[in-house]
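What follows is a short report on a single structure.
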Amino acid sequence: MTAEKNVYIVLGMARSGTSAIARALKALGVELGDKLIPADAAWNAKGFFEDNDIVYKVNRRVLDALDQSSIGTRLIDEVGYQKSELIFLNKMAANLLKERIADTQHWGFKDPRTAKILPFWQRIFSDLKINEHYVLALRNPLASAYSYQKVSGTDLEVGLMLWVMHLVPAIEGTQGKKRMKVSYDEMMKNPKAQLARIKQGLAMPNLAGQDEIDNYANEFLDKNLRHYEYNEAEFTSHAAVKAVPICIKMYDLFLRVAKDEIDLESEAFAAEWHTIKAELNAT
């Protein structure tokens with residue numbers, strides 16, 4: 001019997017802890033490969049943990065074919081995925097994925113762009129009969145926007161809209177699949193508890209030893225690299241947030257999920273999410 005193959009995808013806005021959470025998967029024994037983009041002192045001194053080929057050979061080219069930008073603030077229409085230009089990219093991405101999982105049953109990747117093009121990847125996962133697992137990274141949207149502004153110069157309001165437009169398709173595109181919300185701030189506070197939570201939530205087998213977990217918690221994570229923390233009053237009263245108020249309701253709901261106060265698959269979550277989507281569509 002052929003062993004089942006599993007892929008773990010980290011979704012979320014850039015500067016939202018996606019790199020730290022991708023590295024958490026590695027600590028749990030998920031293979032990330034040896035073709036990772038090098039660390040960058042300005043953007044990410046600890047490393048991006050992004051597969052170079054996934055980012056540059058696939059995701060960027062898929063967005064180009066869809067006439068989309070990685071910093072675009074609109075959702076991609078499903079019709080776009082019928083473009084003929086994507087046929088070649090689909091085959092290339094499938095071959096690349098087969099190479100990556102050839103020698104492992106548990107492989108993962110992270111690129112914030114992935115949230116925008118989930119249907120492209122999910123067709124490949126289905127064709128290759130690979131089990132999908134999703135980790136949805138969460139950070140206070142104002143903190144994310146400020147951090148993104150520091151490295152890119154983008155206006156805060158744009159950063160907040162990008163936060164929204166990365167998390168909406170991440171939620172919508174993973175319904176009915178194995179998924180969980182992970183807060184970057186909660187990871188920084190208690191990494192071992194969050195690692196255990198990820199492992200349990202995604203029903204992961206024992207893939208790594210305690211030394212890997214200890215190294216991640218005690219050596220890799222550096223609280224001195226975490227900037228831009230805001231309490232609720234500072235967040236909700238900020239002028240930029242008032243320009244993109246939907247992020248307040250989204251963050252409140254998602255944070256409750258990340259703290260296990262409400263289940264992501266519950267009717268209660270679905271009802272609140274329906275209200276948020278209606279408000280978003282009305283703007």
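The values are calculated or read from the model by the stated rules, or taken from the named source; none is laboratory data. None of these values were measured; they are calculated from a predicted model. Positions of Cβ are backbone-derived with ideal geometry, glycine not excepted, and every protein chain shown enters the neighbour counts. We work out accessible area using only protein heavy atoms, side chains counted, and drop any ligands, DNA or RNA first. Shrake-Rupley method; radii C 1.70, N 1.55, O 1.52, S 1.80 Å.
Taking segment 1-46 as the range and being assigned to a strand (DSSP E or B) and among the hydroxyl-bearing types (Ser, Thr, Tyr) as the test, only TYR8 passes.
Of the numbered conditions (1) open to solvent by 60 Å² or more (accessible area, probe 1.4 Å); (2) over 19 Å from the mean Cα position of the chain (by Cα), ASP263 fails exactly one; give the number of that condition. Only one criterion in (1) open to solvent by 60 Å² or more (accessible area, probe 1.4 Å); (2) over 19 Å from the mean Cα position of the chain (by Cα) is unmet by ASP263, namely (2).
Sort out which residues of segment 198-218 are under 15 Å from LYS26 (Cα atoms) and under 17 Å from the mean Cα position of the chain (by Cα), and write them in order of number. Of everything in segment 198-218, those that are under 15 Å from LYS26 (Cα atoms) and under 17 Å from the mean Cα position of the chain (by Cα) turn out to be ILE198, LYS199, LEU202.
Filtering segment 130-139 to residues that are closer than 22 Å to VAL158 by Cα and open to solvent by less than 10 Å² (accessible area, probe 1.4 Å) leaves LEU136, ALA137, LEU138.
Condition check ((1) over 29 Å from SER152 (Cβ atoms); (2) out of contact with any Pro (no Cβ under 8 Å at 6 or more places or on another chain)) across all residues:
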position: ARG23; (1), (2): no, yes
position: ALA27; (1), (2): no, yes
position: LYS35; (1), (2): no, yes
position: TRP43; (1), (2): no, yes
position: TYR81; (1), (2): no, no
position: LEU86; (1), (2): no, yes
position: THR104; (1), (2): yes, yes
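Among helices (runs of 4 or more DSSP H) entirely within segment 140-255, having at least 1 residues that are loosely packed, with under 13 Cβ neighbours inside 10 Å and of a type in the set (Ser, Thr, Tyr) singles out 232-237. Here ASP67 meets the list (1) under 16 Å from the mean Cα position of the chain (by Cα); (2) over 29 Å from MET188 (Cα atoms) almost entirely, failing just condition (1). With a requirement of 3 or more residues that are open to solvent by 10 Å² or more (accessible area, probe 1.4 Å) and at pLDDT 95 or above, the helices (runs of 4 or more DSSP H) lying completely within segment 57-129 that satisfy it span 85-101, 118-127. One residue alone among ASP127, ASP111, ASP53 is charged (D, E, K, R) and either at positive phi or touching a strand residue (DSSP E or B) at 6+ places or on another chain (Cβ under 8 Å) (or both), and that residue is ASP111.
Exactly one residue out of ALA20, ALA45 is at pLDDT 95 or above, farther than 29 Å from SER84 by Cα and open to solvent by 10 Å² or more (accessible area, probe 1.4 Å): that is ALA20. Only one entry in LEU32, LEU36, LEU63 is of a type outside the set (D, E, K, R) and in contact (Cβ under 8 Å) with a residue 60 or more places away in the chain, namely LEU32.
Which residue, of TRP121, TRP163, is within 30 Å of LYS242 (Cβ to Cβ) and in contact with a Ser or Thr (Cβ under 7 Å, 6 or more places away or on another chain)?
TRP163
Filtering segment 202-221 for residues that are touching a helix residue (DSSP H, G or I) at 6+ places or on another chain (Cβ under 6 Å) and among the acidic types (Asp, Glu) leaves a non-empty set.
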